[in-house]
Each structure stands twice: as C-alpha cells, then as structure tokens.
1. If I ask for residues that are over 19 Å from residue 97 (Cα atoms), touching a strand residue (DSSP E or B) at 6+ places or on another chain (Cβ under 7 Å) and either at pLDDT 90 or above or surrounded by 21 or more Cβ atoms within 10 Å (Cβ to Cβ) (or both), which ones from region 16-37 would you list?
2. Give the residues of region 14-30 that are in a loop (DSSP other than H, G, I, E, B) and under 20 Å from residue 106 (Cα atoms), sorted by residue number.
3. Any idea which of 85, 69 is more than 17 Å from residue 11 (Cα to Cα) and either part of a strand (DSSP E or B) or touching a helix residue (DSSP H, G or I) at 6+ places or on another chain (Cβ under 8 Å) (or both)?
4. Scan 10, 60 and give me the residue that is touching a residue at least 24 places away in the same chain (Cβ under 8 Å) and either surrounded by fewer than 14 Cβ atoms within 10 Å (Cβ to Cβ) or closer than 24 Å to residue 170 by Cα (or both).
5. Could you please let me know if residue 91 is on the phi > 0 side of the Ramachandran plot and either in contact with a strand residue (DSSP E or B) (Cβ under 9 Å, 6 or more places away or on another chain) or at pLDDT below 95 (or both)?
6. Looking at residue 139, is it within 15 Å of the chain's Cα centre (by Cα), farther than 17 Å from residue 44 by Cβ and either touching a residue at least 40 places away in the same chain (Cβ under 8 Å) or not in a loop (DSSP other than H, G, I, E, B) (or both)?
7. Filter region 97-123 down to the residues that are outside any helix (DSSP H, G or I) and out of contact with any strand residue (DSSP E or B) (no Cβ under 7 Å at 6 or more places or on another chain), then identify the one that is nearest to residue 56 (Cα to Cα).
8. For region 38-66, what are the residues that are touching a strand residue (DSSP E or B) at 6+ places or on another chain (Cβ under 9 Å) and part of a loop (DSSP other than H, G, I, E, B)?
C-alpha cells in the first residue's frame, strides 16, 4: 500500500536516556518483553532477535486465551541510530514496515517512528493507540533511572540491563493501573 496519511503512523517521542539505552530497550529480548503489546494487555514470550540486515525476529504474544505470533525481518540496522524492520501477524494479511530513527537530544534521545502498510483503517487506529502506550512504558522506566545520561554514557552491560528490565516491568504495572484513553 502507498505511504499516505490514512496508511502511515508517524510518532515523535523524547526519551530521558541516551540513544544506546533506548536502542537496547528496542532490540534486547529481555527488555522487549515488558513493552510489546502492553497497551492491549499482551505479554511477549519466546522472543528471538537476529539483529542484522536480513536477520529475523519473532515472538509469541499472549493475553489469556489469545495467542498471536508476530515476526519480521530486519532491513536496516544502524546501532543506536536507525532500525527498519517488517512486522507481520502470522495467519493474517497484516504486513507492515516500521522504522525508528534515534538522535541525541540534550541528555536524552529523540525518536522518530514510522509504521506503514496497514491493511485497513482499524489496524492503523489500534496501532495509533498501542504504540504511544508502549512508548510511555519505555519512558516511565527510563525516567525512573536518575542520572541515566551520566551513569551509562555507553550501552550498558547485561547486568545493568537486568535492572532496566525490572524498571520496564514496574512502568508497565504503573501504567496498567491508569485508565486507557
């Protein structure tokens, strides 16, 4: 489908953390689990990430009795700067492309997000509701990490990411208690 206003979702968001940490939140399975599908009550399981152009990603998204399988292929991978990947709900006609561009913004990171290829208006509406919620889960966790820009100026080691995963879980729990708009 053509990239037009009815078929494209564009978002801009500022994170209170350096691009390396925001990149990790988008690309590390242990961190993706906390935010993916969070606006619709889903929890991601069995996350596989082969983070390279031509590499695949996949996960099983579960909400009670409902299970979705979501997968795609990475097209562009420029660590801490740009990520482009396909996004497909298996067993459906839903195929889209997501691109994220990250740039330093003061002590934080500016995200430019674009998703195209929605099969219908309802799919775009649902994603326009879901992505901002997921971004808020990520933001809430990063804000909880006081001094993140000076404590972790480079991509943190896995031991530090375990704490980020806990912060994401806490952010998701806090936002889940708030009524959806």
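1. Matches in region 16-37: 16, 17, 18, 19, 22, 29.
2. Taking region 14-30 and keeping what is in a loop (DSSP other than H, G, I, E, B), we get 16-18, 28.
The answer is 16, 17, 18.
3. On the way: 85 fails: more than 17 Å from residue 11 (Cα to Cα).
The conditions single out 69.
4. After applying the criteria, what remains is 10.
5. On the way: on the phi > 0 side of the Ramachandran plot: yes; either in contact with a strand residue (DSSP E or B) (Cβ under 9 Å, 6 or more places away or on another chain) or at pLDDT below 95 (or both): yes.
The answer is yes for residue 91.
6. When the stated conditions are applied, residue 139 passes them.
7. In the first step, residues of region 97-123 are kept if they are outside any helix (DSSP H, G or I); the result is 97-120.
Then keep just the ones that are out of contact with any strand residue (DSSP E or B) (no Cβ under 7 Å at 6 or more places or on another chain); that gives 104, 106-107, 119-120.
Values: 104: 27, 106: 33, 107: 32, 119: 22, 120: 25 Å.
For region 97-123, the residue satisfying everything is 119.
8. Of everything in region 38-66, those that are touching a strand residue (DSSP E or B) at 6+ places or on another chain (Cβ under 9 Å) and part of a loop (DSSP other than H, G, I, E, B) turn out to be 41, 42, 50, 51, 52, 53, 54, 55.
The values are calculated or read from the model by the stated rules, or taken from the named source; none is laboratory data. Values in this document were obtained by computation on a predicted structure and should not be read as measured data. Every residue, glycine among them, receives a Cβ derived from its backbone with ideal geometry; neighbour counts consider all protein chains shown.
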